[in-house]
Amino acid sequence: MAEEKTKVEELKEKLFYKTKNVFEVASEDEIKKAYDYCEEYKDFINRGKTERDFVKSAVVMLEKEGFKPYEFGTKVSAGEKYYYNNRGKSLAAFVIGSECICRGVHISAAHIDSPRVDLKQHPLYEADGMGFFKTHYYGGIKKYQWTTIPLALHGVITKADGETIDICIGEDPTDPVFYIDDLLPHLAGDQMRKSLSDGISGEQLNLLAGSRPYAEKTGEGIKLNILSILNEKYGITEADFMSAELCAVPASPARDVGLDRSLIGAYGHDDKVCAYPSLTALVEAKNPVHTTMAILADKEEIGSEGNSGMQCAVYFDIIADLAKSFGVDYAVVRKNSKCLSADVNAAFDPNFPEVNERRNACFVNKGVVLTKFTGSRGKSGSNDASAEFVGYVRNLFDSNGVIWQTSELGKVDCGGGGTVAKFIAKENVETVDLGVPVISMHAPIEVVAKTDVYETHKAILAFFKD
Ligand code: MN
Ligand code: MN
């Protein structure tokens, strides 16, 4: 009987699929590597909260690693490393492979914009003894989550004379911060009866920016004082807000979460937690066989639009230019190219189990997530990767010791979402989504597991080295 049981167990082991938890299968050494890797990740995202900040930090890192600015028409050769800074808001970094580029480019595409609260073009006003900035939120947010937390202002202002200046207020611990107020519970009876989506309206997301009037009694003295402070520091006037991009983001730095320090709470994991591994993998792959490219796109959170989003021609213009440099047919390069669309997925949260179908959900610490399809309802808006390409990625990960899992984004009828995958796939490139499971996605502070971040680095590295 006992023997029989062993046989059954053996058969189960042979035929059943079981997901792995990194802590159960990885060595102490490997887990330490993950924790160490995440120290650098936290440091990097503290300096890269907006797409503009992230591009700047990425350029510093890439130049240190010998990457050079790319100009269209450059005659390139194997082993050379370049980056293309697209308007300071998106980036393509690449290493020329030792094999002919006609064998295709290995692309990792992540996005570096995150949901936030942008200033309007006429933001500044005062009302009843307080000064505010009007805002227009960017990306999919739960508005109530952005109230009563310290916010920093990041961005640029282009002045009347054409000069563009950088703004960053609220990141230095000695800086003042900004704040969106909310109603006290004592008087919130009506508000509390509203739905979460209506409790705070878009026009209530006003940033508290001051309360002290300029000199003695004067009309709009608080507004005047705020403008006078800004004028003294940056030389700007009210009209300059019209040609500005100012973003309010959570002022706090990335912090370890949990007594075991296994998790990281930070603003903008979506999708810097895939953008950063794309960069580190590109650097670590050294002399790749295929030409490798990390695309860090902007505007994913509002549909990948505009000339810094993934739908912009620039990324494939670069690939076309590389093909031309080698005298190779561009269509052949695209046909043979492969892409990991590196974006986060929603981790199963035991506090909200009702939105996921457990068998097809991803979990923290179970490794990088491979997402065959995204979309909503009947896979609408999804790049549904082919079985053949998923098969290739599966073998690649298994043969390189990458711990991975699969997932879809929530229950079938529950909602959905999309990524940049479909915009790359339509260029005739094999594409599949993969990334880090995130808890509280799109909240001011999101949470990820350190082991999953490191497995994502390992996954992209295996792909770049292949
Ligand atoms: Mn994303
Ligand atoms: Mn997102």
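Couple of notes before you dig in:
- THR164 versus LEU196: modelled label distance in nm, points set 7 Å from Cα along the beta carbon direction: 3.7
- Helix axis angle, 269-284 relative to the chain longest principal axis, alpha carbon, degrees: 50
- Theoretical ellipticity at 222 nm over the chain - DSSP helices of four or more residues, -39500 (n - 2.57) apiece, nearest 500: -9000 deg cm²/dmol
- Sequence ranges 445-454, 384-393, 240-249, 73-82, ranked by mean other-Cβ count within 10 angstrom, highest first: 445-454, 240-249, 384-393, 73-82
- Pairwise label distance in nanometres, GLU65 with ASP36, each label 7 Å out on the Cα-Cβ vector: 1.7
- Axis of helix 28-46 versus longest Cα principal axis of the chain: the two differ by about 30°, to the nearest ten degrees.
- Taking the fewest neighbouring Cβ atoms within 10 Å as the starting point, the ordered list for HIS290, HIS186, HIS269 is HIS186, HIS290, HIS269.
- At full extension, CYS100 and GLU13 could sit 27.1 nm farther apart than now, given 0.36 nm per residue minus the alpha carbon distance.
- Rounded to 10°, Cα long-axis angle of helix 2-15 versus longest principal axis of the chain: 60
- For the chain, diffusion coefficient by Stokes-Einstein and Kirkwood Rh (Cα), 10 °C, 1.306 mPa s, µm²/s: 67
- Fully extending the segment from THR237 to ARG261 would add 4.1 nm, taking 0.36 nm per residue of separation and subtracting the current Cα-Cα distance.
Coordinate-derived values only; no laboratory data. Model, not experiment: these values are computed from the prediction. So basically every Cβ, Gly included, is an ideal-geometry build from the backbone, and we count neighbours across all protein chains shown.
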